[in-house]
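What follows is a single structure, written as structure tokens, with notes after it.
The values are calculated or read from the model by the stated rules, or taken from the named source; none is laboratory data. As the structure is a prediction and not an experimental result, all values here were calculated from the model. In this analysis, Cβ positions are derived from the backbone assuming ideal geometry, glycine residues included, and neighbour counts consider all displayed protein chains.
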Amino acid sequence: MKKLTLICLAGLFTAFSFAQETEEKSPRIGISAAIQSSSVGIQIPIWLGENVVLAPSIGAQFSDNYGWVTQFGLAPRFYLNEKVNALRPYLGIRAATIMDFPTKNEEPIGLPTPDKPENIFDFIGGINFGGEYFFSNRFSVGLEVQANIIKSDENSIRFGNPGGINFNTGALALINIYF
């Protein structure tokens, strides 16, 4: 919670400093904090035109009791209105993978412990709808809702269906700074 508060405060100070500029150029690239559930990822939104953004994402967590969990994704967004409004709704798609690289032989909640820890790969594809509110050309916040299909690894308990196909919904909050 402290990290989220610090991120929000940093964003507000950034917005106020950018608000002092008299001439704003259209940004081409940015950095975003993507907050979803208990994780915070990083997105690099790249403007491909006035209404299209391609946002690769990365996330990582490490625990000395388990090992690494990493996430890589790609999410194009297609804005539904011109950049004359502060609020810009969008539609998008998402493709991602979540990868576990365990370093210990910890038993994953009720599943047999293998002799050697196995890497786990879950694949996610989905659609999303959201909106981004632009305080300026350089700073925005956004929310999106998602519908996802997940193909779980046979050793994954992340979505409660090892080796199966899952459907879930999700929500994502974004804090964006554009350069």
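When residues in the range 24-44 are screened for being part of a loop (DSSP other than H, G, I, E, B), under 12 Å from Arg138 (Cβ atoms) and not small (Gly, Ala, Ser), 4 of them pass.
Hey, Glu82 hits all of (1) surrounded by fewer than 14 Cβ atoms within 10 Å (Cβ to Cβ); (2) among the acidic types (Asp, Glu); (3) at pLDDT 90 or above but one; which does it fall short on? So the condition that Glu82 fails would be (3).
Restricting attention to the range 127-178, the residues that are farther than 23 Å from Asn51 by Cα and either among the small types (Gly, Ala, Ser) or in a strand (DSSP E or B) (or both) total 15. Taking the range 80-98 as the range and being in contact with a Lys or Arg (Cβ under 8 Å, 6 or more places away or on another chain), of a type in the set (A, V, I, L, M, F, W, C), without any contact (Cβ under 8 Å) to a residue 60 or more places away in the chain and assigned to a strand (DSSP E or B) as the test, only Leu91 passes. Scanning the range 48-79 for residues that are in contact (Cβ under 8 Å) with a residue 12 or more places away in the chain, hydrophobic (A, V, I, L, M, F, W, C) and surrounded by fewer than 19 Cβ atoms within 10 Å (Cβ to Cβ) yields a count of 8. Taken residue by residue, the range 49-56 has at least one member that is closer than 18 Å to Gly92 by Cα, at pLDDT 95 or above, part of a strand (DSSP E or B) and within 11 Å of the chain's Cα centre (by Cα).
Contact map, the range 120-149: first residue free of Cβ contacts under 8 Å to residues at least 24 places away in the same chain, second residue buried (at least 17 other Cβ atoms within 10 Å of the Cβ) and not small (Gly, Ala, Ser), Cβ cut-off under 6 Å, separation 6 or more or different chains; the map is empty.
Of the residues making up the range 135-144, just one is surrounded by fewer than 20 Cβ atoms within 10 Å (Cβ to Cβ), out of contact with any Leu (no Cβ under 8 Å at 6 or more places or on another chain) and modelled with pLDDT of 95 or more, namely Phe135.
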